[in-house]
Amino acid sequence: TELYIHYTALPEGKTLEDVVEELNEVLDDGGQVCGGEEGRIDLDLEESLTDLGTDYIDLYQVHNPGQKDLDQVMAPGGALEALLEAKAAGKIGHIGITLHSVDLFKQAVELPWVETIMFPYNIVETQGEELIAKCAEKNIGFICMKPLAGGAIEDATTALRFVVSNSNVTVVIPGMAD
């Protein structure tokens, strides 16, 4: 699980130093920025179910862990145990992972619990192409993120045609905005 601190603007009456201090207090109290605390992922899952007004989530992804975070997620008592319990209880259908590191992609494709991998793939970022093929071989869904290279590619038609021409890509999430 992750603790997200995201503001489009600082909350009224708070300085950047206040926000950093709050984050440090969470970490000092044993809170974790990413993964590993089963009770926390349970709370996050229940909050997500409530917020979405449902009792089931099709795909729950471990979001962009570093190596240390991934180890913590998979450790005894870690977030993976809670996710597997939630899956067994019918609260989630599939467990996936999002990544930006080729080294972690290589590891993830070998993990028995990983059902989907989301990774950047586009005309200029093809470093995961062999691993995308490996996903197909292992029946792991591949979710293409950043098909427009984070907005760097302006010709969306050509960019998307490139991505969907790879038969190993399962889903493309363009994330476009006006």
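Some observations on this one:
- Filter result (open to solvent by 50 Å² or more (accessible area, probe 1.4 Å), in contact with a strand residue (DSSP E or B) (Cβ under 9 Å, 6 or more places away or on another chain) and of a type in the set (Asp, Glu)) within segment 43-60: Asp58
- Filtering segment 64-109 to residues that are in contact with a strand residue (DSSP E or B) (Cβ under 6 Å, 6 or more places away or on another chain) and more than 21 Å from Leu45 (Cα to Cα) leaves Phe105, Ala108.
- If you go through segment 109-158 and keep only what is hydroxyl-bearing (Ser, Thr, Tyr) and open to solvent by 50 Å² or more (accessible area, probe 1.4 Å), you end up with Thr126, Thr157, Thr158.
- Test: Ile173 is more than 18 Å from Gln61 (Cα to Cα) and modelled with pLDDT under 95: no
- Residue within segment 89-112 that is farther than 30 Å from Gly151 by Cβ and in contact (Cβ under 8 Å) with a residue 40 or more places away in the chain present: yes
- The criterion of being farther than 30 Å from Phe162 by Cα, among the hydroxyl-bearing types (Ser, Thr, Tyr) and assigned to a loop (DSSP other than H, G, I, E, B) does not hold for Thr50.
- Selected residue (only one of Glu81, Glu110, Glu130, Glu85 is within 29 Å of Thr158 (Cβ to Cβ) and of a type outside the set (A, V, I, L, M)): Glu130
- The C-beta contact set for segment 48-76 (first residue at positive phi, second residue basic (Lys, Arg) and at pLDDT below 90, distance under 8 angstrom, 6+ apart or interchain) is empty.
The values are calculated or read from the model by the stated rules, or taken from the named source; none is laboratory data. Bear in mind that the values here come from a model prediction, so they are computed numbers and not experimental data. Methodologically, a virtual Cβ is constructed for each residue, glycine included, from the backbone with ideal geometry; neighbour enumeration extends over all protein chains shown. Note: areas computed on protein heavy atoms with side chains; ligands, DNA, RNA excluded. Shrake-Rupley method; radii C 1.70, N 1.55, O 1.52, S 1.80 Å.
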